[in-house]
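Worksheet: the structure to be examined is printed underneath.
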Amino acid sequence: PATKFAIADAALRAGRPALIAGALGVTGTVVAQAREGACYRCLFEQPPDGAGSCSADGVLAPTVGVIAGVAVTAALEMLANPGAVSQVWSIDDVCTGRPPRQLQFQPRPDCAHHRRSMGGTDSADGADGAGGALATEAMR
């Protein structure tokens, strides 16, 4: 997870969009971080402690193929529409054959990146981070 945050942060600093995908077991996500607007940290504040890993938890090979297909589709959409908003695709179980859930997400007011870009600081301001939490909850 730390690598995903590093990629997203580097893209923000460079003014570039980012596409971040991951798979674990039979689940996966693809996050398209737009050039402007919501960022990866708006959705996930920081890398989780004790997150699963492919080496420890395994990954079903077809899951990687499905997630890669969704990621390619997202990348082509980002190229065709540079003004696209940030989105996340979530696949709960590739074995069901259900299409991924797609969700657009908004900038979170207490996101460290957005505080910096608006002239604020990185210190905690007591906000509850509801934007990211709501987006994550809506995916369930």
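Worth a mention:
- Segment R16..D93, full-extension length gain: 24.6 nm, with 0.36 nm per residue of separation and the alpha-carbon distance subtracted.
- Among 46-53, 101-108, 81-88, the order from most to least packed when residues are scored by Cβ within 10 Å on average: 101-108, 81-88, 46-53
- Spacing of the modelled spin labels on A75 and Q104, each 7 Å from Cα toward Cβ, amounts to 2.4 nm.
- In sequence order, segment 98-114 has phi-based couplings of 6, x, x, 7, 10, 9, 8, 10, 9, x, 8, x, 9, 5, 4, 4, 6 Hz under the Karplus curve 6.51 cos²θ - 1.76 cosθ + 1.60, θ = phi - 60°, and Gly or Pro positions carry x.
- Residues E45, E77 ordered from highest to lowest accessible area at a 1.4 Å probe: E45, E77.
- Note that segment 14-31 has calculated 3J(HN,Hα) couplings of 8, x, 10, x, 9, 10, 10, 10, x, 9, 8, x, 10, 10, x, 9, 10, 10 Hz, one per residue in order, obtained from phi through the Karplus relation 6.51 cos²θ - 1.76 cosθ + 1.60 (θ = phi - 60°); glycine and proline are x.
- Cα gyration tensor, segment 32-102 - rounded (a/c under 1.5), prolate or oblate: oblate
- Accessible surface for T96 stands near 70 Å², nearest 10, in the context of the full protein assembly shown (1.4 Å probe).
The values are calculated or read from the model by the stated rules, or taken from the named source; none is laboratory data. These numbers were taken from a predicted model, which means no experiment stands behind them. In this analysis, Cβ positions are derived from the backbone assuming ideal geometry, glycine residues included, and neighbour counts consider all displayed protein chains. SASA here: full protein model, heavy atoms, side chains in, ligands and nucleic acids out. Shrake-Rupley method; radii C 1.70, N 1.55, O 1.52, S 1.80 Å.
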